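> One structure follows; several queries about it will come next.
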Amino acid sequence: MNIEYRWTESQFIRLALYDFELGPRSGRGKATMWLVIFTLIGLLAINIAHRGFTYSVWDLVLIAAGLCWYTLRGTLMKRMFKRAFKRSGMDGVNLKYSLDEEQLKIQVAAKPEHTLEWKQIKRVIRTQEGFLVYPGPRWLPAARIEDGRTTEELAAFLQRKVVDYRDKSQHKLKLKD
């Protein structure tokens, strides 16, 4: 089974967002969000405890900072991902993945082919648009499957080959571009 495509900014952002929301470190993002929320609530509670229920400008600043962070975090994250992609110098690079019974072969442009045996692949996460493969993450877009194969065939193959296979195809990205 082969998957071949040209690496673009939109594919990188999709990979990064899916990895952020579903990948092994997704718990960190949620923990950070709750930490910021509880910190701001705690600071507001301390201010109210010391002054009573009279508000000050700093209370409004804390509330405004929290609301701004919560509403703008997706935009800031996408901007950060776009910046990282531009710095990578990978725009327009051709990627080819060849999957067979023994291994996953990865060809990036004219560089030497890289091979991963299936036992080296720790996790695969199926999304609506493709598959995240770890270590990496590497992105296998479902729309680019060649040889007349379907997404379901690729999913069944990966599920058979990788111990930690997770189907998150019902997950919708919260941060659409």
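The values are calculated or read from the model by the stated rules, or taken from the named source; none is laboratory data. None of these values were measured; they are calculated from a predicted model. Neighbour counts run over all protein chains shown; Cβ positions are idealised from the backbone, glycine included.
> Would you confirm, using the coordinates I've provided, whether Gly66 is among the small types (Gly, Ala, Ser), touching a helix residue (DSSP H, G or I) at 6+ places or on another chain (Cβ under 6 Å) and free of Cβ contacts under 8 Å to residues at least 40 places away in the same chain?
Judged against the criteria, Gly66 is a match.
> Oh, and also: For segment 56-112, which positions are surrounded by 11 or more Cβ atoms within 10 Å (Cβ to Cβ), modelled with pLDDT of 85 or more, basic (Lys, Arg) and within 18 Å of the chain's Cα centre (by Cα)?
Lys78, Arg79, Lys82, Lys86
> Return only the number of the condition from (1) under 30 Å from Ala142 (Cα atoms); (2) part of a helix (DSSP H, G or I) that Leu60 does not satisfy.
All conditions pass for Leu60, except number (1).
> Could you tell me whether Ile125 is surrounded by 15 or more Cβ atoms within 10 Å (Cβ to Cβ) and β-branched (Val, Ile, Thr)? Write out each step before concluding.
On the way: surrounded by 15 or more Cβ atoms within 10 Å (Cβ to Cβ): yes; β-branched (Val, Ile, Thr): yes.
The answer is yes for Ile125.
> Quick test of your reading of the structure: Lys82 fulfils all but one of (1) touching a residue at least 12 places away in the same chain (Cβ under 8 Å); (2) in the same structural domain as Thr151 (by TED's automatic domain parsing). Name the failing condition by number.
Failed condition: (2).
> Residues being surrounded by 12 or more Cβ atoms within 10 Å (Cβ to Cβ), modelled with pLDDT of 90 or more and of a type outside the set (Gly, Ala, Ser): count how many of those fall in segment 152-172.
Total satisfying the criteria: 11.
> Now for a different question. Would you mind finding the one in Val57, Val124, Val61 that is hydrophobic (A, V, I, L, M, F, W, C) and either closer than 28 Å to Ile3 by Cα or in contact (Cβ under 8 Å) with a residue 60 or more places away in the chain (or both)?
Just one listed residue meets the conditions, Val124.
> Hey, another quick one. Name the pairs: first residue in segment 6-26 and assigned to a helix (DSSP H, G or I), second residue among the polar types (S, T, N, Q) and modelled with pLDDT of 85 or more, Cβ to Cβ under 6 Å, at least 6 apart or on different chains?
Tyr18/Thr127
> Within segment 149-169, track down each residue that is touching a strand residue (DSSP E or B) at 6+ places or on another chain (Cβ under 9 Å) and part of a helix (DSSP H, G or I).
Residues of segment 149-169 that are touching a strand residue (DSSP E or B) at 6+ places or on another chain (Cβ under 9 Å), as a first pass: 149, 151, 153-155, 157-159, 161-169.
Thr151, Glu153, Leu154, Ala155, Phe157, Leu158, Gln159, Lys161, listed by residue number.
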